[in-house]
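One structure below.
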Amino acid sequence: MKKAIFLFIIFIFTIMITGCNNPNNQNEKVNEIIQLIDNLPTIDEISLEHDGDVIYIKLLYSELTDEEKQLVTNYDKLLRIDSKLLVLKNEYEILINGIIELIDELPVKNKETLNHESLINEIESILITLTEEDINLITNIDKYYQAKEKIEQLKEKQLIEDEAKEIKQLIKNLPNADELKLEDENLVLEVRNK
């Protein structure tokens, strides 16, 4: 009986070992990698969002034997996509660093003038294309927000000053009180309504 149990255990162990080296299992791994590569977008459609997928596929590929690697017929697509991702990562880094440099050109807090409005607008036109996650990578973004707020305050102040100048000019154009006539009523109303 012990001999039968021993032989049965050896039989099961043999099946387990040969099952692990089964060419079908190897083909399954290769086919899975081929399918994953096929499912990747084209070079023109690839984006940084696909980086995790490519890393995963490269990890699976690295676990293959040299013989199995030869069976992955679309590996060149993976290499081209990986190269494109490196370029995209580099461009992305350049973009983020460029925004940081633009923000660095802004003056220190409370030294902003309306002359800086075009720079604020330039930065804003870039920021609206980014995600919140991207914006979080911009180390000096608070300086931009503070400068933008200050520019808005300066614009509001300028608007009030311009209106005050206009009112002063309207008042200056009014005749003296003893020279007022009924025809001047519209001028007086215009000043009052401002």
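The values are calculated or read from the model by the stated rules, or taken from the named source; none is laboratory data. If you're wondering where the values come from, they're calculated on a predicted model, not measured in any experiment. Positions of Cβ are backbone-derived with ideal geometry, glycine not excepted, and every protein chain shown enters the neighbour counts. The protein model used for the area step is the full one, side chains on, heavy atoms only, and it has no ligands, DNA or RNA in it. Shrake-Rupley method; radii C 1.70, N 1.55, O 1.52, S 1.80 Å.
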- Query: Rounded to a whole number, what % of the accessible area of segment 82-128 do carbon and sulfur atoms account for, probe 1.4 Å?
  - Reply: 53 percent
- Sorting Val30, Val87, Val108 on solvent-accessible surface, 1.4 Å probe, most exposed first, gives Val108, Val87, Val30
- Message: Restricting to DSSP loop positions (anything but H, G, I, E, B) with no more than 12 other Cβ atoms inside 10 Å of their own Cβ, which trypsin sites (Lys or Arg not before Pro) remain in segment 27-125?
- Response: Lys109, Lys111
- Message: Give me the one-decimal nm value for the distance between modelled label points at Asp66 and Gln146, 7 Å along each residue's Cα-to-Cβ direction.
- Response: 6.1 nm
- If Ile96, Ile167 are ordered by their accessible area, calculated over protein heavy atoms with a 1.4 Å probe, which sequence runs from highest to lowest? Ile167, Ile96
- Query: Is there a pair in Lys29/Lys77; Lys111/Lys165; Lys89/Lys143; Lys109/Lys155 whose C-alpha atoms are over 22 Å apart, and which pairs would that be?
  - Reply: Lys111/Lys165; Lys89/Lys143
- Would you list Ser118, Ser47 from the most to the least accessible area, probe 1.4 Å? Ser118, Ser47
